[in-house]
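A.B. asks: The structure under discussion is supplied below as structure tokens; questions concerning it will follow.
The values are calculated or read from the model by the stated rules, or taken from the named source; none is laboratory data. Small disclaimer: the values here were computed from a predicted structure and weren't measured. Cβ placement follows ideal geometry from the backbone for every residue including glycine, while neighbour counts extend to all protein chains displayed.
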Amino acid sequence: MDMLKTPSGRSAALRAMALLCLLFSSVACKKNAPTDVFKDPVDYVNPYMGNISHLLMPTYPTVHLPNSMLRMCPARADYTVQLLDGLPLVLTSHRGANAFRLSPLNNLPDSIPTIARYTYDNEDVRPYRYIVHLDEEDVDVDFAPSFRGAIYRLRYNADSSGHYLIVHSEKGEMTAEGNVISGYRYLQDSVRIFVYMETSKSPVAYARRSDNGQYIWHKEQVTGNTLVLNYDLKSSSDLFVRYGISYISVEQARENLRSEIQSYNVEVLSKMGRNEWNKTLGKVQLEGGTTEARQVFYTSLYRTYERMINISEGGHYYAAEDDSVHSDNGIPYYTDDWVWDTYRAVHPLRILLEPEAESHMINSYIRAALLNKEKWLPTFPEVTGDSHRMNGNHAIAVLADAYAKGLTSFNLNDAYELAKRVMAEKTYAPWRRMPKGELDRFFDEKGFYPALPQGEKETDPTIHSWEKRQAVAVTLGAAYDYWCLSRLAQFSGHVAEAREFLRRSYDYRNLYNSETGFFHPKDKKGKFIRPFDYEFDGGPGARDYYDENNAYTYRWDIQHNFRDLIALMDGPEKFVDYLDQTFRTPMSTWKFNFYHNLPDQTGNVGQFSMANEPSLHIPYLYVYAGRPWRTQKLIRELVNEWFRNDLMGMPGDEDGGGLSAFVVFSMMGFYPVTPGLPAYVIGSPFFSKITLDLGGGNRFTIIADGANKENKYIQKAVLNGKTLDQAWFQHSDIAQGGTLELKMGPRPNKQWGVDTPPPSADPKP
């Protein structure tokens, strides 16, 4: 039984077959498919999971190899759209930004479209293959990727009088001659992506599209933005298109194709891709658990490999930071990372499963910083450069976390100096990449980012008109960044500087309101903004004061120092009361009104949002207050409620693995609450046995005796043969392999793991 999800509005017969397949999986299947659906890890992956969003962005069913330069997904906004906008060649961003389109047609319309729109049926998306029938056009499509190239098989209607292929480059130019089509597309400024294509047959005629959509025919060669190629397919209705892509040149795209694809065989390339995915996903082996749980787990793991992407080509890479091509000196260059989302769990997961790739990615961050004119660490590195979205400089957390966990194959002095420089010179203002200004100097002097009183008009030119000041979020995020910087200073022997940065890491205290237990914005005079509604104030996305989430989320945004937060909140009991308040305080208005103001804060349990990255660590905080059983219960509830193997099985914006890595860690039974500290907090594993391949022959095994839906509570634990009486462990305990044995039961052992809380930041100097 092959996994297949039939698009809505398609044949009733396939829907009936899909219902039968739900006995085995919520992923539909093809007629006459084999019965060994779940033979290998990749068979559990359902790229359709979450393709209908709860409110904002859906997930995308992306076809690619792990961290590969070439990615492709069907050209539509989400699963419910009934038309495909041509056949894309490559994604240049994880949210459906396609470059180049193919449009196969059996007959030409009077006016050439740049991209044909298709109704479709029998779609089958797997990580390594894409199959679809363009039903009204009567063309069958089969696609398989390599790392920098791919093959399309287009099966036209054999009885048609003509067989045409439209190739569109949008902001660029293409040339067709013989069976070769090549060209480029501008992505941004001077950044281009190049393509080199070969078809299995040469066209019998060529045309380009005029500005008014008319055909201008040529016999031997044609150049233009939109090309039309006419093929004689009388002997066979199949046309194969194989291609390579490059960010360097057409010639390099040709070399990428030549090095990876030597035939037009989709089946062979698909099998190679399947093997690559099984090798990658097989680094985590599961025993026990339900089929649904395995599907959610492996789908989530697959999503963490969509980014970053390796853009080294033939030993070189193009860097948008200086618009130049550089030698990679044997170390692959990676980009495309939204670190505000991924530093929390995606990068820590790679430290465990892909330490070599993570090391290369860290080196890529350092290279990108050394190449840009300011020498600042990027925040959102993309193929078009650092887009500097969101707030903070959390690449520093990536560096600190890696070094703390023994991943030291990067230049520590460079890392420290670049991290120190970006904190000293770049504005704290969200979504801005510019030198510090008046507000930043105020923050550095007073220890908090000043907020505007409600209703006061913004006059500072550094502030983004939509993203606003985010005064509390900026203050708390910078405090964490300074703590991570203090770690790098300590690692590199800068003791006095480490002490100063550690002092700055306590700046969050300046906004703590002891009367309410919230982090509360202050104006330039140091007075709390009043009156104040912690649920709604701050405008759209609460951005005047917070960011995408309200004060209930940012109450817990002190990732590095929960010991101090417990002290600020007058002890563990009050800390737990405030946590309960977060999960149990209902929306004070209709969902329509709530989400109109806070559309990113979906996946609600009370005021808690399962859908946004600043919330991911919150369920684990009960452990810090001596209530690990509360975390065990809560993690099971949250994953089961919000992450499911169906079309709406993702509660919010996925953001390149940000939410998925939370699922992977949580279902394994532990989570890196504080990137930068080499420790993991224990939750509740979903499987009776989990084995992680850490590389170098090292394996970490988690044995959860009796784990099932009811037996979610840990009764006792043994780590590497020794009794474990705390609900956390050090990275060093597992770095060279090890075994965590957990005895599970249906009732909480409220005495286990209560006495020794997980570590927090060093005491205030």
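A.B. asks: When both residues are 6+ apart or on different chains and their Cβ atoms are under 7 Å apart, which pairs have a first residue that lies in the range 403-420 and is basic (Lys, Arg) and at pLDDT 95 or above, and a second that is buried (at least 18 other Cβ atoms within 10 Å of the Cβ) and in a helix (DSSP H, G or I)?
C.D. replies: Listed by first residue and then by second, the contacts come to Lys405/Ile351; Lys405/His731; Lys420/Leu485.
A.B. asks: Can Ala319 be described as in the same structural domain as Phe670 (by TED's automatic domain parsing), out of contact with any His (no Cβ under 9 Å at 6 or more places or on another chain) and hydrophobic (A, V, I, L, M, F, W, C)? Show your work before the answer.
C.D. replies: Numbers: in the same structural domain as Phe670 (by TED's automatic domain parsing): yes; out of contact with any His (no Cβ under 9 Å at 6 or more places or on another chain): no; hydrophobic (A, V, I, L, M, F, W, C): yes.
Spelling it out, it is not the case that Ala319 is in the same structural domain as Phe670 (by TED's automatic domain parsing), out of contact with any His (no Cβ under 9 Å at 6 or more places or on another chain) and hydrophobic (A, V, I, L, M, F, W, C).
A.B. asks: Which one of these is crowded, with 21+ Cβ neighbours inside 10 Å, more than 27 Å from the chain's Cα centre (by Cα) and more than 21 Å from Ala567 (Cα to Cα): Tyr534, Tyr545, Tyr508?
C.D. replies: Values: Tyr545 fails: more than 27 Å from the chain's Cα centre (by Cα); Tyr508 fails: more than 21 Å from Ala567 (Cα to Cα).
Step by step, each of Tyr534, Tyr545, Tyr508 is checked, and only Tyr534 is crowded, with 21+ Cβ neighbours inside 10 Å, more than 27 Å from the chain's Cα centre (by Cα) and more than 21 Å from Ala567 (Cα to Cα).
A.B. asks: Go through the range 378-409 and give me each residue that's in a loop (DSSP other than H, G, I, E, B) and more than 23 Å from Val673 (Cβ to Cβ). So that I can check it myself, show each step before the final result.
C.D. replies: Kept after step one, since they are in a loop (DSSP other than H, G, I, E, B), are these residues of the range 378-409: 378-380, 383-384, 387-394, 405-409.
The answer is Pro378, Phe380, Val383, Thr384, Ser387, His388, Arg389, Ser409.
A.B. asks: May I ask you to list the residues in the range 274-303 that are farther than 13 Å from Asp43 by Cα, in a loop (DSSP other than H, G, I, E, B) and not hydroxyl-bearing (Ser, Thr, Tyr)?
C.D. replies: Lys283, Gly288, Gly289
A.B. asks: Now, a different point. For the range 194-212, give me each residue that is among the aliphatic types (A, V, I, L, M) and buried (at least 24 other Cβ atoms within 10 Å of the Cβ). Lay out the reasoning, then the answer.
C.D. replies: Residues of the range 194-212 among the aliphatic types (A, V, I, L, M): 195, 197, 204-205, 207.
Residues satisfying the conditions are Val195, Met197.
A.B. asks: I've got another one for you. State whether the residues of the range 605-615 include one that is within 22 Å of Asn51 (Cα to Cα), acidic (Asp, Glu) and surrounded by 24 or more Cβ atoms within 10 Å (Cβ to Cβ).
C.D. replies: Within the range 605-615, one or more residues are within 22 Å of Asn51 (Cα to Cα), acidic (Asp, Glu) and surrounded by 24 or more Cβ atoms within 10 Å (Cβ to Cβ).
A.B. asks: Now for a separate question. Return yes when Arg389 is modelled with pLDDT under 95 and of a type outside the set (A, V, I, L, M, F, W, C) and no when it is not.
C.D. replies: Working: modelled with pLDDT under 95: yes; of a type outside the set (A, V, I, L, M, F, W, C): yes.
Yes, satisfied.
A.B. asks: Could you grab the pairs with beta carbons closer than 6 Å, sequence gap of 6+ or different chains, first residue in the range 639-661 and closer than 20 Å to Pro614 by Cα, second one charged (D, E, K, R) and assigned to a helix (DSSP H, G or I)?
C.D. replies: Asp655/Asp341; Gly657/Arg303; Gly658/Asp341; Gly658/Glu613; Ser660/Arg303
A.B. asks: Just to be sure before I move on: is Pro113 in contact with a Lys or Arg (Cβ under 9 Å, 6 or more places away or on another chain), assigned to a loop (DSSP other than H, G, I, E, B) and within 20 Å of Tyr231 (Cα to Cα) in the structure I sent?
C.D. replies: yes
A.B. asks: Would you please list the contacts, defined by Cβ atoms under 9 Å and residues six or more apart or on different chains, that run from a residue in the range 211-238 that is without any contact (Cβ under 8 Å) to a residue 24 or more places away in the chain to a residue that is part of a strand (DSSP E or B) and β-branched (Val, Ile, Thr)?
C.D. replies: Ile216/Val222; Trp217/Val228
A.B. asks: Further, regarding this structure: Looking at the range 81-131, which of the residues that are within 22 Å of Asn212 (Cα to Cα) and among the hydrophobic types (A, V, I, L, M, F, W, C) is surrounded by the most Cβ atoms within 10 Å (Cβ to Cβ)?
C.D. replies: Phe100
A.B. asks: Consider Thr631 carefully, then state whether it is assigned to a loop (DSSP other than H, G, I, E, B), polar (S, T, N, Q) and touching a residue at least 60 places away in the same chain (Cβ under 8 Å). Reasoning before the result, please.
C.D. replies: Numbers: assigned to a loop (DSSP other than H, G, I, E, B): no; polar (S, T, N, Q): yes; touching a residue at least 60 places away in the same chain (Cβ under 8 Å): yes.
It is false that Thr631 is assigned to a loop (DSSP other than H, G, I, E, B), polar (S, T, N, Q) and touching a residue at least 60 places away in the same chain (Cβ under 8 Å).
A.B. asks: Scan the range 131-187 for residues that are within 17 Å of Leu70 (Cβ to Cβ), among the hydroxyl-bearing types (Ser, Thr, Tyr) and in contact with a strand residue (DSSP E or B) (Cβ under 7 Å, 6 or more places away or on another chain) and jot them down.
C.D. replies: Residues satisfying the conditions are Tyr152, Ser169, Ser182, Tyr184.
A.B. asks: Another question about this same structure. Among the residues of the range 219-226, is there at least one that is surrounded by 24 or more Cβ atoms within 10 Å (Cβ to Cβ) and aliphatic (A, V, I, L, M)?
C.D. replies: Going residue by residue through the range 219-226, those that are surrounded by 24 or more Cβ atoms within 10 Å (Cβ to Cβ) are none.
Within the range 219-226, none of the residues are surrounded by 24 or more Cβ atoms within 10 Å (Cβ to Cβ) and aliphatic (A, V, I, L, M).
A.B. asks: Which of the residues that make up the range 183-209 are part of a strand (DSSP E or B) and among the acidic types (Asp, Glu)?
C.D. replies: In the first step, residues of the range 183-209 are kept if they are part of a strand (DSSP E or B); the result is 183-188, 191-199, 205-209.
Within the range 183-209, just Glu198 meets the criteria.
A.B. asks: If you don't mind, another one. Hey, Met272 hits all of (1) farther than 27 Å from Arg208 by Cβ; (2) free of Cβ contacts under 8 Å to residues at least 40 places away in the same chain but one; which does it fall short on?
C.D. replies: Failed condition: (2).
A.B. asks: Just to be sure I understand, how many residues within the range 626-646 are in contact with a Gly (Cβ under 7 Å, 6 or more places away or on another chain) and either hydrophobic (A, V, I, L, M, F, W, C) or surrounded by fewer than 21 Cβ atoms within 10 Å (Cβ to Cβ) (or both)? Outline the logic, then answer.
C.D. replies: Initially, the range 626-646 is screened for residues in contact with a Gly (Cβ under 7 Å, 6 or more places away or on another chain), giving 628, 631-632, 635, 642-643.
With either hydrophobic (A, V, I, L, M, F, W, C) or surrounded by fewer than 21 Cβ atoms within 10 Å (Cβ to Cβ) (or both) added as a condition, the list becomes 635, 642-643.
Summing the residues that are in contact with a Gly (Cβ under 7 Å, 6 or more places away or on another chain) and either hydrophobic (A, V, I, L, M, F, W, C) or surrounded by fewer than 21 Cβ atoms within 10 Å (Cβ to Cβ) (or both) in the range 626-646 gives 3.
A.B. asks: A follow-up question, please. Restricting to the range 595-619, name every residue that is part of a helix (DSSP H, G or I) and either more than 23 Å from Glu467 (Cβ to Cβ) or touching a residue at least 40 places away in the same chain (Cβ under 8 Å) (or both).
C.D. replies: Taking the range 595-619 first, the residues part of a helix (DSSP H, G or I) are 595-597, 613-615, 618-619.
Tyr595, Asn597, Glu613, Pro614, Ser615, Ile618, Pro619, listed by residue number.
A.B. asks: When the range 299-327 is examined, which residues are found to be aromatic (Phe, Trp, Tyr) and farther than 18 Å from Thr384 by Cα?
C.D. replies: Residues of the range 299-327 aromatic (Phe, Trp, Tyr): 302, 305, 317-318.
Selection gives Tyr302, Tyr305.
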